[in-house]
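The values are calculated or read from the model by the stated rules, or taken from the named source; none is laboratory data. The structure displayed is predicted, hence computed values, not measured ones. FYI the Cβ positions are ideal-geometry reconstructions off the backbone, even for glycines, and counts take in every protein chain you see.
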């Protein structure tokens, strides 16, 4: 875990990296985000087999023209649901140890899936959330109706040219967020599975509006 800003009274932003990265990856975004917040960049619990970096849960990668994308079959989706839930429980253990009264998350790719799954475990746990190049796990969760009653603020940023995230997952996430949250969608027409400076600036504005 990498921590920034020792003001324990400041709202906490938890950073959740993507597949094959580690806590240093999103920690690099902290200089571009609002400095009045406290940050904790977490490391996923599992090493990725056969390569460097870590994963929140195992993924199935299938061949594609871009080199590979996440398997979007029904069986793979069930594996994602179960794995994301286990990872989300670990995220809450880390957050509880930081003793923050107001918390948001910023997740990239697999970290976005995990962050959203953590929210579905504790609908009142986050003040707001940021999904970057990610999606919502497809299976229902017991407290989804409670989350829908709260309708918390969500920022969903993605690149229109993203060849990693399955189109099926993107198509399902939009309506799900519409039904359960008050969400802002930020689409970069020329971006792929990546972050842009304009997107980071929009994330900073979103956090200031909903977390400060």
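Report yes if some residue within region 132-143 is buried (at least 24 other Cβ atoms within 10 Å of the Cβ) and under 21 Å from residue 212 (Cα atoms); otherwise report no. Scanning region 132-143 turns up at least one residue that is buried (at least 24 other Cβ atoms within 10 Å of the Cβ) and under 21 Å from residue 212 (Cα atoms). Of all residues in region 88-106, those satisfying the criterion of being surrounded by fewer than 24 Cβ atoms within 10 Å (Cβ to Cβ) and part of a helix (DSSP H, G or I) are 89, 90, 92, 93, 94, 95, 96.
Scanning region 163-175 for residues that are modelled with pLDDT of 95 or more and surrounded by 20 or more Cβ atoms within 10 Å (Cβ to Cβ) yields one hit, 173. Within region 22-64, being without any contact (Cβ under 8 Å) to a residue 40 or more places away in the chain and either crowded, with 21+ Cβ neighbours inside 10 Å or assigned to a strand (DSSP E or B) (or both) holds for 39, 46, 47, 54, 61, 62. When residue 70 is tested against (1) at pLDDT 95 or above; (2) touching a strand residue (DSSP E or B) at 6+ places or on another chain (Cβ under 8 Å); (3) surrounded by 15 or more Cβ atoms within 10 Å (Cβ to Cβ), just one condition goes unmet, and that condition is (1).
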